[in-house]
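Take a look at the structure below.
What follows is calculated from the coordinates using simple rules that are stated; it is not laboratory data. Nothing here was measured: the structure is a model prediction, and the numbers come from that model. Please note: Cβ atoms are built from the backbone with ideal geometry, for glycine as well, and neighbour counts cover all protein chains shown.
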There are 2 protein chains.
Amino acid sequence: MTKTLDDIDTPAVLIDVDKVERNLQRAQDHADKEGFKLRPHIKTHKLPYWAKRQLALGAVGITVQKLGEAEVFADAGITDLFMPYNIVGPLKLKRLKALNARVTLSVTADSPDTVSGYAASFSADQPLTVLVECDTGGGRCGVQTPAQALALARQIIAAPGLRFGGLMTYAAPGGFDGANSWMTGALQLFNEAGIAVPRVTGGNTPEIWAKGGGPLTERRPGTYIYNDRYQVKVGAATLDDCALTVMATVVSRPTATRFVIDAGSKALTSDLLGMEGYGLIAGTDLVVKALSEEHGVVEMPAASDWPRVGTRLRIVPNHCCPVTNLFDEVNFIKGETVVDTLAVAARGKVA
Amino acid sequence: MTKTLDDIDTPAVLIDVDKVERNLQRAQDHADKEGFKLRPHIKTHKLPYWAKRQLALGAVGITVQKLGEAEVFADAGITDLFMPYNIVGPLKLKRLKALNARVTLSVTADSPDTVSGYAASFSADQPLTVLVECDTGGGRCGVQTPAQALALARQIIAAPGLRFGGLMTYAAPGGFDGANSWMTGALQLFNEAGIAVPRVTGGNTPEIWAKGGGPLTERRPGTYIYNDRYQVKVGAATLDDCALTVMATVVSRPTATRFVIDAGSKALTSDLLGMEGYGLIAGTDLVVKALSEEHGVVEMPAASDWPRVGTRLRIVPNHCCPVTNLFDEVNFIKGETVVDTLAVAARGKVA
């Protein structure tokens, strides 16, 4: 018997599989045309199913952020994983070593302390590939200057158990030009020092659509697979490209202008990303104005009988990645038909 | 062998069990002294273990927000559950009926549509207890006037399968006086109509400490068990009462004033609740200034060698309830000893 949306309780995550396929294909076509490699970040979907599709379409590997995610995807048969994170402490280094023994793995470092930890844990028979993380303006992790990047690369090269894998950055949205010029300067310095840089890898979805070549050989977008309200805001997608929606039910009509849905911060997160409201009601201009854990409050500009209690609506969330982290499962849909329901394999893998 | 904090990977949730016991006892003593009943909201801990402690100390039952939570706690042997939510739609009404057959259950309604749904699903042999939800200023769900509450109570009373259970509100923080006067007016109206109001139940942790009696016979605090930075801000707890912390590791020292921890929005949530920063670094005045999913960025007022990469810190989150929803398990601690690790039984039960 065909399963439809009526058979699913709310709140629920719906994934429009045709939109996903379109989003994946468009990004891969763009990468091929512009001449960079795609290494998608799985944080958005957390599903080996989609990672395999991304690889089949031409991705060179996947990006994961935490060891727990890497372990899930390695278990699912993914063989080339990049973890752009400083892996620190004896518990994680032990897990990292076990992982490095079974897949093609690369990680990052941005300090001598992190490199020392790697150097003490790995040996030449199964070396670890380490890229240097560079803060090109994002203000998060990363060495601050190309000279620091070079010094750290030398420390990596000097360790028998490590291989220098290149340079990595996560540019702030809108910081693509800054990242390019930073990396161009760094590459010149490495060239003068006679040190080859195998890979220069940059992040995020808005960035992949920025034109102009530049020094980045690889990009790690995540959100492009589903897209969300933020990607629409910054021009990286249209609303029609948003493949993930949260289906919710109207549970209350306290006033003629207010309605309340059964999706709150436990379904939509409280991420604002500089926008007004916590999500867009699909097919309208209305936003979720206020949230508590299990309620989303919407105010309409004028009195309206619509929507009645029991009405089902779909919300385009501000940020789809943390939404998939809140749900045990997601529903793949084509129109009103639920074609599959998948457990979110890497949900909650924070460590 | 004794398990210590060193045996736990980060980020991790730590629960100081002695502080929990102190918090529970203080609230129950206060309720007993002030003469109201305590029906704790389990959304904060999501653990049958603590629900049973709360009941043993004198709570009259528990509060849950979603059917999925109710089912978990009923399975764990809790027998008196209040779900202050409009349960809407055929899938949920079917589950509600099954639940009502095995525990003492009460729910709320704030519209004729919700009451009609209940009335059509329940019969006199196993009636459902329904309270009327009142918007006493919180601006979320609830009837807007005592007259509307009375009309809805009459609809409940007229249905053979329903029992009128009383009045419920969730006051906005600081709205306790408004809730009191609203309920006093409503009780007068119900009294004139000759309709008994078995229970008047109010919400939230700051409210339980408000003095002055008033019409509320029962309160449903949740956060008081663990407390958090918001409760400290509003004066409902001290920092020393905060039993839940997130243990994190410093993974990066990009500059002399900046450090980055391995706890981001996937560990701390992005709840701000009107405060600056996403959590307090315990034992300092520093806050987590910026978050991405797996990174928390802290800026120090002056250059400092502390903390080095690898240093473990504890964060007092802004809002502890959604934090427990992000972790598969929590660690009970006494000092540096981990006395137990429990799966968060009702984590992710959004529907």
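The dipole here belongs to the protein assembly as shown: it is taken about the Cα centre, uses +1 on the Cβ of Lys and Arg and -1 on the Cβ of Asp and Glu, and is about 560 debye. If you count the DSSP beta bridges with both ends in the protein assembly as shown, what percent of them are antiparallel, to the nearest 5? Antiparallel bridges make up about 45 percent of those DSSP assigns within the protein assembly as shown. Indicate the gyration tensor shape class of region B:1-111 (rounded, prolate or oblate), computed on the Cα atoms with a ≥ b ≥ c the square roots of the eigenvalues: a/c under 1.5 is rounded; otherwise a/b larger than b/c is prolate and the rest oblate. Oblate is the answer for region B:1-111, as a/c is 1.5 or above yet b/c matches or exceeds a/b. Taken about its Cα centre, chain B carries a charge dipole of roughly 620 debye when the Cβ of each Lys and Arg holds +1 and the Cβ of each Asp and Glu holds -1.
Annotation for B:Val234, label-to-label distances across the other copies: 3.4 nm (shortest first, one decimal, point 7 Å from Cα along Cα→Cβ). Ellipticity at 222 nm from helices only: DSSP H runs of n ≥ 4 in chain B, each -39500 (n - 2.57), divided by the residue count, give -8500 deg cm²/dmol. From a point 7 Å beyond the Cα of A:Thr341 in the direction of its Cβ, which residues of region B:80-120 have a backbone N at a distance under 16 Å? Inside the label zone: B:90-96. Placing a label point 7 Å from Cα along the Cα-to-Cβ axis, A:Ile157 is separated from the same position in the other copies by 8.7 nm, shortest listed first. When each of A:Met168, B:Met183, B:Met1 is scored by the number of other beta-carbon atoms lying within 10 Å, the sequence from fewest to most is B:Met1, B:Met183, A:Met168. Annotated for region B:36-225: lysine pairs at least 8 residues apart or interchain, Cα distance under 15 Å, count 7. FRET efficiency for the pair A:Ala124 and B:Lys334, taken as 1/(1 + (r/R0)^6) with r the Cβ-Cβ distance and R0 = 41 Å, rounds to 0.40. In a reduced charge model with +1 at each Lys and Arg Cβ and -1 at each Asp and Glu Cβ, region A:1-140 shows a dipole moment near 240 debye about its Cα centre.
Take B:Glu299, move 7 Å from Cα toward the beta carbon, and the resulting point lies 3.1 nm from the same point in each other copy, nearest first.
Taking other C-beta atoms within 10 angstrom as a stand-in for reagent exposure, A:Glu133, A:Glu329 fall in the order A:Glu329, A:Glu133, fewest first. Each of A:Met275, A:Met83 has some number of other Cβ atoms within 10 Å of its Cβ, and from fewest to most they run A:Met275, A:Met83. Taking a ≥ b ≥ c as the square roots of the Cα gyration tensor eigenvalues, with a/c under 1.5 meaning rounded and otherwise prolate when a/b beats b/c, else oblate, which class fits region B:36-225? Note, shape of region B:36-225 comes out oblate.
Per residue of B:84-92, other chain Cβ atoms within 10 Å of the residue Cβ number 6 on average.
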